[in-house]
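Data block below; observations after.
The values are calculated or read from the model by the stated rules, or taken from the named source; none is laboratory data. Quick caveat, the model's predicted, so the values are computed rather than measured. FYI the Cβ positions are ideal-geometry reconstructions off the backbone, even for glycines, and counts take in every protein chain you see. Ligands, DNA and RNA are excluded from the accessible area calculation, which covers all protein heavy atoms including side chains. Shrake-Rupley method; radii C 1.70, N 1.55, O 1.52, S 1.80 Å.
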Amino acid sequence: QVQLVESGGGLVQAGGSLRLSCAASGRSFSTLAMGWFRQAPGQEREFVAAISWSGGTVRYADSVKGRFTISRDNAKNTVYLQMNSLKPEDTAVYYCAASTVVPISRYYIEYADWGQGTQLTVSS
């Protein structure tokens, strides 16, 4: 099992930037595919971004492409989500997730381990 702890959420104005971090423990981080998902009130959890174990392959939701960047530092057991040009519709709880069964995925069902989430609120 992998333990994941997100940090970096907060309140930011539209157009601003923020970086989320997710620290992993409990399993060799460099063998994990990692993903970021988000869930707004009353909505289903949705895919945001994913990165392969080596960092060589990334995937983004269309809604964040060009604004968000996912990256990882395997030496620090941490995955990041750099968010630029934030919009009020980016407001949600952001979760990081780890998968041992696929090299990369945008499907939440393929992630077995989840963090507790961190709140991002973007004001207009």
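Things to note:
- Cβ crowding within 10 Å averaged over residues, with 8-16, 89-97 ranked highest first: 89-97, 8-16
- With protein chains left intact and a 1.4 Å probe, residues in segment 66-124 average 49 Å² of accessible area per residue.
- Within-10-Å neighbourhood charge of Ile51 [Cβ basis; K, R +1; D, E -1]: +2
- Local net charge near Cys22, Cβ-Cβ under 15 Å (Lys/Arg +1, Asp/Glu -1): +2
- Projecting the Cα positions of Pro88, Gln1, Thr57 onto the charge dipole of segment 1-113 (unit charges on Cβ atoms of Lys, Arg, Asp and Glu, taken about the Cα centre) puts Thr57 furthest along the positive direction.
- Split the accessible area of the chain by element, probe 1.4 Å, and carbon with sulfur accounts for 48%.
- DSSP beta bridges in segment 1-122 [antiparallel fraction, %, rounded to 5]: 90 percent
- Surrounding net charge for Val2, when Lys and Arg each add one and Asp and Glu each subtract one, Cβ distance under 10 Å: 0
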